[in-house]
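Just below is one structure, and these are the notes that go with it.
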Amino acid sequence: MTERASRRWFLGSFGAAATAGLAGCAGAFGRTKPTLTMIDWGYVYNNDILADFEQRHDCKVERQAAQGSAETLSLLRSGRSDHDLVPLGNYAVTPAMNEGLIEPIDLGQVPSYGDVFDFLKKDYFEMGGDVYGVPRSFGQTPLAVNTDIVDQEVTALRDLWSDDLAGVVGGRDDARLQVLYRNAAFDQPLNPTSREEVDFEALKTDLIARLENTAGLWNSGGDSEQLLRNETVGVQPVWNYVVVSLQSELPIQRVRPAEGTKAWFIQHCVRAGAENRELAHTFIEEWQSRYGYRSLMAPFSIAIPNERVFEEHDVDPSTYGVDNPDQFIYEEPKPPELVEAYSETWSEAKAEADI
């Protein structure tokens with residue numbers, strides 16, 4: 001959700017030890033401090049928690065900003081990622097696991113995994129009895145409806161195809177996601193597993209109809225906010241934290257679609273061959289037990305999917321919908337050839353709809 005950035009060092013100022021770290025990148029008596037390297041969305045970790053982690057564990061943290069799971073997976077595949085800790089969406093863990101790009105999590109070093117919501121412990125994060133991803137954040141993508149622009153009741157994803165909403169609909173420029181929405185809206189299987197299961201002509205026809213109503217597409221959270229803020233669009237599926245942030249400025253109504261609310265969750269994964277896997281495991285544990293709430297959940301209303309976090313901070317699970325996980329729909333892993341076919345169909349639909 002931020003632009004690609006050069007790696008940045010987040011070093012706190014903690015007296016002489018920190019001064020030595022900044023001047024010579026070494027600890028006391030010239031000892032080089034271990035460095036935890038990570039790639040992640042720019043907004044996820046605030047500087048205070050990274051500085052605190054560095055002080056607590058006498059280490060350094062180096063972070064590179066990424067656009068999303070697809071970019072991270074691409075970097076892993078090309079060998080251009082040497083990070084210890086990598087975030088992957090639920091659909092990206094399986095290919096990374098199968099391709100040997102990430103390694104098993106040592107759950108003995110992450111005891112808080114036991115408090116992660118069971119409905120997010122997907123079997124496609126496991127292989128050979130090992131777990132390859134620990135959910136670090138969980139969110140949902142409801143419909144944001146500006147009631148000053150949209151005067152009809154919106155209750156479902158299927159409404160995005162309504163002629164009455166032509167010219168005020170928005171959406172993310174993402175083939176996999178748009179196919180999921182279409183499948184939900186038209187009562188098709190949500191996550192086919194092969195090309196043979198998909199009628200691509202019907203799919204393209206439905207995507208074109210959706211795009212013909214579309215006033216704007218977005219790729220980042222900032223872009224999605226801008227489309228709503230400048231009233232280019234009046235209704236679109238968008239991340240819950242965007243809805244929350246805009247409700248103080250605009251008459252935005254949050255609607256959980258009748259077909260189910262798209263949910264997403266990002267996993268902390270450890271890169272295969274990580275140089276500092278012990279620090280990576282320590283960070284995963286302390287994110288769950290110490291840092292996640294104040295870095296992400298409190299400021300952005302993005303859930304740390306851990307029962308203990310909800311209990312310790314007296315947060316009502318219904319606020320995040322985690323009291324009723326049956327309401328969520330997910331984009332699940334699929335073979336690369338099917339992903340490619342979705343991308344081709346989406347591109348063709350955009351071209352024919354002149355988007």
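How many of the residues making up segment 73-131 are closer than 23 Å to Arg290 by Cα, in contact with a Ser or Thr (Cβ under 7 Å, 6 or more places away or on another chain) and hydroxyl-bearing (Ser, Thr, Tyr)?
Total satisfying the criteria: 1.
Residues of segment 268-296 being in a helix (DSSP H, G or I), under 15 Å from Val86 (Cα atoms), open to solvent by less than 10 Å² (accessible area, probe 1.4 Å) and in contact with a Lys or Arg (Cβ under 9 Å, 6 or more places away or on another chain), which ones?
Passing the criteria: Ala280, Ile284, Trp287.
Residue pairs, Cβ under 8 Å, 6 or more apart or interchain, first in segment 268-291 and within 25 Å of Glu99 (Cα to Cα), second of a type in the set (S, T, N, Q) and at pLDDT below 95. List them.
Arg271/Ser81
Would you point out which residue out of Gln247, Gln253 is closer than 24 Å to Thr155 by Cβ and without any contact (Cβ under 8 Å) to a residue 24 or more places away in the chain?
Among Gln247, Gln253, only Gln247 is closer than 24 Å to Thr155 by Cβ and without any contact (Cβ under 8 Å) to a residue 24 or more places away in the chain.
Does Glu348 satisfy the condition of being surrounded by fewer than 18 Cβ atoms within 10 Å (Cβ to Cβ) and of a type in the set (D, E, K, R)?
Yes: the conditions hold for Glu348.
Kindly list, by first and then second residue, each pair from a residue in segment 215-228 that is on the phi < 0 side of the Ramachandran plot to a residue that is of a type in the set (D, E, K, R) and assigned to a strand (DSSP E or B), limited to pairs with Cβ atoms under 6 Å and residues at least 6 apart or on different chains.
Listed by first residue and then by second, the contacts come to Trp218/Arg172.
List, please: which pairs have Cβ atoms under 6 Å, are six or more places apart or on different chains, and start with a residue in segment 300-322 that is within 24 Å of Val110 (Cβ to Cβ) and open to solvent by 30 Å² or more (accessible area, probe 1.4 Å) and end with one that is modelled with pLDDT under 95 and assigned to a loop (DSSP other than H, G, I, E, B)?
What qualifies is Pro317/Asp323.
Can you pull out every residue in segment 72-84 that is open to solvent by less than 40 Å² (accessible area, probe 1.4 Å) and either under 22 Å from Ala175 (Cα atoms) or not small (Gly, Ala, Ser) (or both)?
Result: Thr72, Leu73, Leu75, Leu76, His83, Asp84.
Every residue in segment 85-102 that is in contact (Cβ under 8 Å) with a residue 60 or more places away in the chain and surrounded by fewer than 18 Cβ atoms within 10 Å (Cβ to Cβ), please.
Correct list: Gly100 only.
Scan segment 51-70 and tell me whether some residue there is surrounded by 22 or more Cβ atoms within 10 Å (Cβ to Cβ), of a type in the set (S, T, N, Q) and closer than 14 Å to Cys269 by Cα.
For segment 51-70, residues surrounded by 22 or more Cβ atoms within 10 Å (Cβ to Cβ), of a type in the set (S, T, N, Q) and closer than 14 Å to Cys269 by Cα: absent.
The values are calculated or read from the model by the stated rules, or taken from the named source; none is laboratory data. Because the structure is a prediction, the values reported are computed rather than measured. As a convention, Cβ positions derive from the backbone with ideal geometry for all residues, glycine included, and neighbour counts pool all protein chains shown. With ligands, DNA and RNA removed, areas are computed over all heavy atoms of the protein, side chains included. Shrake-Rupley method; radii C 1.70, N 1.55, O 1.52, S 1.80 Å.
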